[in-house]
Every structure is written in structure tokens, then in C-alpha cells.
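Below is one structure, written out as C-alpha cells; comments come after it.
The values are calculated or read from the model by the stated rules, or taken from the named source; none is laboratory data. This one's a predicted model, so the numbers in the text were calculated from it and none came from an experiment. Cβ placement follows ideal geometry from the backbone for every residue including glycine, while neighbour counts extend to all protein chains displayed.
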Amino acid sequence: MRTRITSPLAETAAGSIAGEVLRACVHCGMCNATCPTYHLTGDELDGPRGRIYLIKQALEGEPVGRMTQTHLDRCLSCRACETTCPSGVQYHRLLDVGRDVVAEQTPRPWRERALRAAIRWLCIQPWRLGALIAAGRPVRALLPSALQGKLPKPNPIGPSPAGGHERRMTMLRGCVQSATAPHFNAATRRVFGHAGVDLGETPEVGCCGALSVHLDAREEGQALARRNIDAWIRQLDGGAEAIVVNASGCAAFIRDYPDLLADDPDYAARARRVVDRLRDPVEVLIQTPPRATRAPAKARIAVHQSCTLRNGPGLGEAPARLLASLGYDPQPVADPCPSLDRGGGRRGRLKHSHRSQAPPGASSNQPSSPPTSPMGIPAGGSAALPPSRATRAASSSRDGFSITRAR
């Protein structure tokens, strides 16, 4: 696709990224075949090809308005389109640039700006969100039904692993997850302890920055990324083997730190070092496979393949394979994208049914155990399950299952 970026962005690293992605696109439209929002609306501008044209026009100096902003907001950033693109177009990199350009040219209504600022203020500091949740639980019955469903129920964190292993890794504490589901990280630490790895948290590391960047506060997101990079580099220099992130959406964003900080050569290089050491829990557990001491009492389990795990690092099948090796009977979830029905955030009012898009082999039978789910897309309307599929299985005590380190 020919393009000539004429905006001030042309001389920046972001402009270079956008030009590279645009030139790779041959506008064949095969990306639309796997785009969930295009399937729902049937609107070309709600598919990757249409959005690419909208972004191209904005970068070439054409006027943009709320229509362009709405179609870009509706994108889920699931990257399914990238898996079917014959030209290898890295659409998500262009989308990040395009959203920033459109946001600068098209101010949002004050209500949207206030809501986005409130979400950022509340969520990037876990103690704020945690305090609000704690205050809401005693009066849950008095809240509107929509809020009752979003208020997570308390879950026991459980015991801490003994520690003392030779191998050591550090884990992203996170923001929303650490406030709404602190047992996720605790369960991950226990599983890694069984695998012979001490997994700690770096106190200085908090929100990955995705919330800020996706809610029109790029500079704030960059500041959070720099803070995390500095802290992680100190951990790596001190002997940490890897950086573990058990929220796959956060991991996907961290992998783009080099793009986020591309205009800062020093931090871009440091960001690449962080990305080289970034690991999803399943990557570590596959290399150090746990061993089941006995079969699970309830083997049939539904496993949700998160788009951020499947379409980015290509690990979509890995959790199911790991669970199968531990004696489980993993079943794919018939509803592949629960976030669409929730219709929140930048997806506006998209709340259409999409269950016809189930992946091949998806089962609608009721599993004996509830489905696993990544953070941000709670299974069954609650945030009660760990984001790491392996963590859910290996840390379970309800079904009498345990693991030991493989010999």
C-alpha cells in the first residue's frame, strides 16, 4: 500500500513504524475473515482493512472525526487478523499509532474524558481499586445488578511456598489483578515452587501501562513502562532468570515496550532486554514440567484460549497440552471471546451475540470444573479463576490434585 505520511509524525519513530506496516499491506481483505467486530457489524470500517484505510488517511493529513475514532475504539486488539494476513502485516502496531493521532485531532466529549481519567486514576494504583471493592462488598445487595456482577467475591489467597530454590524469577504484580484477584499471583507462586522456582514480586513494579496508553494517556503509560523497566533490569542484574507475567493482556503490551519507547534510544534498548526475558507461566512450566502424583478427581475442564496468548506469542494450545499431561481432559470453550458481550471500554456499545464463532472442536457440554480465563475476561461472570491455565490445575486442592517437581 503506497503511503506518504505528511503529519508531524513523519519524522518520528512512530511514523516509521506506521509507514512500515502500511507498506506491507496489500489490502486483500483476508484479515476480515477472522475479525470479530467485522463479523458482528458487517461494516468494512469495523474490520482491519477499513481501519487501516482510516488510519492511513489520518496520517496523510486528511481530516478525521468522531466516526474514525469510533471505529478505532471498537477494535478489541485481539490480533486475530494478523494470523490470517498473508503479508505478515503487524496491524496492532499501526493501530496504536493511529489511535494516538486520532485522539490528538479529535477531542472526546468531556464525559468520555472524565470517565477515562477516572478509570486510570482508580485502576493504576491497586490500593485505590482494592479499597473501593472492599467498601462495596458489604453493600453488594444494594448496588445495581450491573455492578453486583462486576464486584469480585473474596477468595482465600492460600499459603505461601516455602522457597529456598536455586532458580529465581520475578513476577509482574499488576494493577487490576492484584486488587480484584490477589489469589492469582499467590497460586502462580505455589505452582512455581512445586516446579523448583522461587517467584517473587518487585515492589517498584505496578501497572504495565496498558490502561493509560489505551485510554489516551500515552505519556503516563511511558512513565509507568520506564519505572517497570528500571526495576526489572535491577532484578535481572541481580540474578533473576526471567520476568513472569500471568496476565496475558499485560504481557502482550509489555512485548510492545520497544515501540512505546522507540523515540528514547536508551530505554528502547533496555525494553528489548526486558522483552527477551519475558515469559508466560506456561512457557516456564513446559520447560520444567510438573508431575502429577495422582489423577484429578474431576478431570474434565473447560479451557479458554485467550486471544492475547494465542495470536501474539502463539501459545494458545500450550495450556491445554500441559493440563492433558497432568491428567486433565481439557475442553475448548464454546464462547471464544467473552469480552465482546461485555461491551465495555473502547468497544462502545458492541454487545451482540457472537457464539457462532466458536473455534473448531469447541464443546458446549458442561465441564466438571469451571473454565479457566485470563484476567480481564472473567469466566462465568466472576474473577475467581487464575489467569494461568496451568496454575488453575496445579494449585487446586478441591479435587485432591497435587504436583511435584519432575525428575
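Scanning the stretch 31-48 for residues being among the polar types (S, T, N, Q) and under 11 Å from GLU82 (Cα atoms) gives a total of 2. Being more than 28 Å from GLU104 (Cα to Cα) and in contact with a strand residue (DSSP E or B) (Cβ under 7 Å, 6 or more places away or on another chain) is a property that VAL282 lacks.
All conditions in (1) within 30 Å of ASN185 (Cβ to Cβ); (2) assigned to a helix (DSSP H, G or I); (3) among the aliphatic types (A, V, I, L, M) hold for ILE52, with the sole exception of (1).
Are there any helices (runs of 4 or more DSSP H) wholly within the stretch 142-225 with 3 or more residues that are not aliphatic (A, V, I, L, M), and if so which?
Values: elements: 145-150, 176-180, 183-194, 210-214.
Where helices (runs of 4 or more DSSP H) fall fully within the stretch 142-225 and carry at least 3 residues being not aliphatic (A, V, I, L, M), they are 145-150, 176-180, 183-194.
Looking only at the stretch 3-34, which residues are part of a helix (DSSP H, G or I), over 27 Å from the mean Cα position of the chain (by Cα) and under 16 Å from ILE55 (Cβ atoms)? Those that are part of a helix (DSSP H, G or I), over 27 Å from the mean Cα position of the chain (by Cα) and under 16 Å from ILE55 (Cβ atoms): PRO8, LEU9, ALA10, ARG23.
When the stretch 199-219 is filtered for residues that are in contact (Cβ under 8 Å) with a residue 40 or more places away in the chain and within 18 Å of LEU129 (Cα to Cα), the ones remaining, listed by number, are GLY206, CYS207, CYS208, GLY209, ALA210, LEU211, SER212, LEU215. Go through the residues of the stretch 84-91 one by one and say whether even a single one is closer than 27 Å to PRO258 by Cα and among the aromatic types (Phe, Trp, Tyr). Scanning the stretch 84-91, I find at least one residue that is closer than 27 Å to PRO258 by Cα and among the aromatic types (Phe, Trp, Tyr), so the answer is yes. Selection over the stretch 180-205 of residues that are within 30 Å of LEU72 (Cβ to Cβ) and modelled with pLDDT of 90 or more gives a count of 1. The set of residues from the stretch 270-296 being surrounded by fewer than 22 Cβ atoms within 10 Å (Cβ to Cβ) and assigned to a strand (DSSP E or B) comprises LEU278, ARG279, ARG291, ALA292. Scanning the stretch 317-339 for residues that are in a loop (DSSP other than H, G, I, E, B) and modelled with pLDDT of 85 or more returns GLU317, LEU326, GLY327, TYR328.
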